[in-house]
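Here is the structure we will look at.
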Amino acid sequence: MPNKDSIIELCDTPVIHVEIVNKVRKDMPEEETLYDLAELFKVFGDTTRIKILYALSASEMCVCDMAALLSMTQSAVSHQLRVLKQARLVKFRRDGKVVYYSLDDEHIQQIFNQGLDHINE
């Protein structure tokens, strides 16, 4: 016997609250925007990238330091940083021969913190 949490209630009629459906449909973002949002959340779906984002939320870091922190090769860290840069989650700056990475902006910190808050509830 299924428990009450696994039961999904279904409607007998296709649309009951037409005004709600129409309002939400009108306010729904464009398909391309929703696709981009889904792609952004996919980037958060990798533990290594989450570790990198956590590290960068604490401090700007170079690839060497991140590799040491995460016990990974510099090549592996660089690969993940490339993914994060393409998603506009991290940015970099050069200081001589050293490249330093940081979170792209405050929004990334907020997304990360809200995710942690939700998990820790």
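Bear in mind that the values in this text are calculations on the coordinates, not laboratory data. Quantities reported herein were computed from a predicted structural model and do not represent experimental measurements. When we count neighbours, we look across all protein chains shown, and the Cβ atoms used for this are built from the backbone with ideal geometry, even at glycine.
Applying 0.36 nm per residue to the separation of Val15 and His118 and subtracting their alpha-carbon distance, the gain on full extension is 33.8 nm.
Calculated FRET efficiency, Lys97 to Tyr54, Cβ-Cβ distance, R0 = 25 Å: about 0.45 to the nearest 0.05.
Using the number of other C-beta atoms within 10 angstrom as an exposure proxy, rank Glu60, Glu39, Glu19 with the fewest first. Could you put the intermediate results ahead of the total?
Working: Glu60 14, Glu39 11, Glu19 7.
If I rank by nearby Cβ atoms, fewest first, I get Glu19, Glu39, Glu60.
When only the Cβ of Lys, Arg, Asp and Glu is charged (+1, +1, -1, -1), the dipole of the range 27-83 relative to its Cα centre reaches about 520 debye. Which one, Ile50, Ile20, Ile108, has the greatest fluctuation when you compute a Gaussian network model over the chain with C-alpha springs under 10 angstrom? In this elastic network of the chain, the residue with the biggest mean-square fluctuation among Ile50, Ile20, Ile108 is Ile20. Relative to the longest principal axis of the Cα atoms of the chain, the long axis of helix 47-58 lies at roughly 70 degrees. Any chance you could give the angle, 0 to 90 degrees and rounded to 10, that helix 31-43 forms with the longest Cα principal axis of the chain? Here the helix axis deviates by roughly 50 degrees.
With an a/c value of 1.5 or above and a/b larger than b/c for the gyration tensor axes a ≥ b ≥ c computed over the alpha-carbon atoms, the chain is described as prolate.
From Cα pairs below 8 angstrom and at least 6 apart in sequence, can you work out the relative contact order of the chain, rounded to a whole percent?
Details: 74 pairs, mean separation 24.0, N = 121.
This gives 20 percent for the chain.
Ranking Thr33, Ile7, Phe112 by how far each Cα lies toward the positive end of the dipole of the chain (charges on Cβ) leaves Phe112 at the top.
Within the straight-line cut-off of under 21 Å between alpha carbons, the lysines reachable from Lys97 are Lys85, sequence neighbours fewer than 8 places apart in one chain being disregarded.
If both residues of a DSSP beta bridge must be in the chain, then about 100% of such bridges are antiparallel.
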